[in-house]
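Here the structure comes first, spelled out in structure tokens, and everything after it is commentary.
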Amino acid sequence: MTRVFAAALALLLAAPAAPMAETAAQTVATGDLGLVIERATGSVLLVDQSDHAALARIGGLGDLSHASLVYSPDERFAYVFGRDGGLTKVDIVTRQIAARVMQAGNSIGGAISDDGKLVAVSNYEPGGVHIFDADTLEMVADIPTGSKTIGLVDAPGRRFVFTLWDAGETWIADLSGEAPQITKIPGIGKNPYDALITANGRTYIAGLFGEDGLTALDLWDDTPTPIRVLPGYGRGERQLPVYKMPHLEGWALTGRDFVLPAVGHHQVLWIDAATLTESGRTDTHGQPVFAMARPDGRQVWVNFAHPLNDTVQVIDTVTKQVIHQFKPGPAVLHMEFTPRGHQVWISVRDAGKVMIYDTRSFEKIGEIDADSPSGIFFTARAHRTGL
Amino acid sequence: MGEPRGHKVAPILGLACLGLGLLLLPDTARAADAPDPAPLKRLVHQDCGSCHGLTLKGGLGPDLRAPALAHYDPETLRTVILDGIPETAMPPWRPLLTEQEAAWIADYLLKEAPK
């Protein structure tokens, strides 16, 4: 409040004719806003979580298939990572592109440092990570890996953690000093396809495509070493074709368990967070893509790979049973909970809609038109490690 | 396996697109040797695109644009689509596609410059 008055006062002093009300009218609160990726048209849709409304469309972001974004700590800027290597800084207050660079040929996600000063982008081609000044988008570090790079997350202490698909290594880049300090951890496993970090920044887990299992790292350890999780979980079972890689974003911590999609098996896997051992399995409708915990951890919502991607299942985390199944429509690509979990927003690509559901009654309570919507990102992510 | 198995992709995509315009697509009465291009193009860009990129220029999977596939003959490419590549992330599409549809996709990839 003091700051607002000071700003208004400064404005008054500088231009006495400017009425104070004008300053107030320009205030835009972003806490319940969000952006929806419109993958085919290279645009993002600014949405209002409370009003169930689309506020503006911002275009010119390039190829946004498989795009994701992170927010600045003040929830004003979104950094959008496009598949084509474009990094775009979108100002959701002015509803304009603030800066944009083409930083690589082929990219797959990014992260923002805990202090909000650095933005890192994970690249397939050329393989590696590029790190940018969050204000100017000038590149401040180039970390070639010689491998497709996946599972890039922020970790406390101005660090980024990422994993090499081809080499099966995880690298920790510490940018707290003058030059980046890189720690390389080999032996993660065959073809890690995605990874995530727990909300407390302690545990990093890579899912493996090339073998049944996952690999965890304890980042509180001075020299983290690979910890095998559920090795050979599908042993003896027929491996089913995977028509879309699962995602590990949206790490689902439900009370004492983590929930993760299995690969090549139509199941989600429950892992005891304390011991990193299996605590259950739930059979699902298809190959899970996202297994997202409602923020309170009571439910897990799961969507599926082609050709079963019209369906969502809701699993109760106490009983580990599917308690609800429904078909939002063709090609459900992503789900985002409101920060306290009372609603979930679901992008249904081929319906051209974002659909909004009450997470207790499961009733549909709204929808928003969007052009081939994929990822949905609410600004509350700004304050979460690993999102 | 060489036996035509009818038009398989339309029901599958129709299921995925319940209630939408795809229900208007021709049904299984359509000639098996003439797959309907619209759902197949959609499959290529949206679903192959999950790994190979919406523009097919590559992602976790390799570049699928015509120049990058020049070393494939149509028969081999069709087989790769139907049976996948063991020990890689390329799955067999045989459960979802007929031989004719896979042949159409191989031809599409080799001939067209997908946008």
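The values are calculated or read from the model by the stated rules, or taken from the named source; none is laboratory data. Source: prediction; values computed, not measured. Positions of Cβ are backbone-derived with ideal geometry, glycine not excepted, and every protein chain shown enters the neighbour counts.
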| task | Would you point out the residue of the stretch A:53-71, among those that are crowded, with 21+ Cβ neighbours inside 10 Å and part of a loop (DSSP other than H, G, I, E, B), that is nearest to the other protein chains (Cβ to nearest Cβ)? | result | A:SER65
| said: Show the residue pairs meeting these rules: Cβ distance below 8 Å; 6+ apart or different chains; first residue within the stretch B:50-62 and more than 7 Å from chain A (Cβ to nearest Cβ); second residue β-branched (Val, Ile, Thr). | reply: B:LEU56/B:VAL44
| In the stretch A:238-258, which residues are in a loop (DSSP other than H, G, I, E, B), of a type in the set (A, V, I, L, M, F, W, C) and at pLDDT below 80? | A:TRP251
| field | Single condition A:GLN313 does not satisfy, out of (1) away from chain B (no Cβ under 14 Å); (2) over 19 Å from A:GLN287 (Cβ atoms) | value | (2)
| said: Quick test for you: out of A:TYR124, A:TYR204, pick the one residue that is within 14 Å of chain B (Cβ to nearest Cβ), assigned to a strand (DSSP E or B), surrounded by 16 or more Cβ atoms within 10 Å (Cβ to Cβ) and not basic (Lys, Arg). | reply: A:TYR124
| said: Based on this model, can you work out whether A:SER50 counts as out of contact with any Ser or Thr (no Cβ under 7 Å at 6 or more places or on another chain) and surrounded by 15 or more Cβ atoms within 10 Å (Cβ to Cβ)? | reply: no
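Per-residue answers, yes or no, for (1) touching a helix residue (DSSP H, G or I) at 6+ places or on another chain (Cβ under 7 Å); (2) modelled with pLDDT of 90 or more; (3) of a type outside the set (Asp, Glu):
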| residue | (1), (2), (3) |
| --- | --- |
| B:ALA31 | no, no, yes |
| B:CYS48 | no, yes, yes |
| B:THR55 | no, no, yes |
| B:LEU64 | yes, yes, yes |
| B:LEU77 | yes, yes, yes |
| B:VAL80 | no, yes, yes |
| task | Please work out which residue is farthest from B:ALA38 (Cα to Cα), limiting yourself to the stretch A:332-354 and to residues that are within 14 Å of chain B (Cβ to nearest Cβ) and either among the hydroxyl-bearing types (Ser, Thr, Tyr) or within 19 Å of the chain's Cα centre (by Cα) (or both). | result | A:HIS334
| Extreme residue, nearest to the other protein chains (Cβ to nearest Cβ), among residues of the stretch A:219-257 that are surrounded by fewer than 14 Cβ atoms within 10 Å (Cβ to Cβ) and within 22 Å of A:THR170 (Cβ to Cβ) | A:GLY232
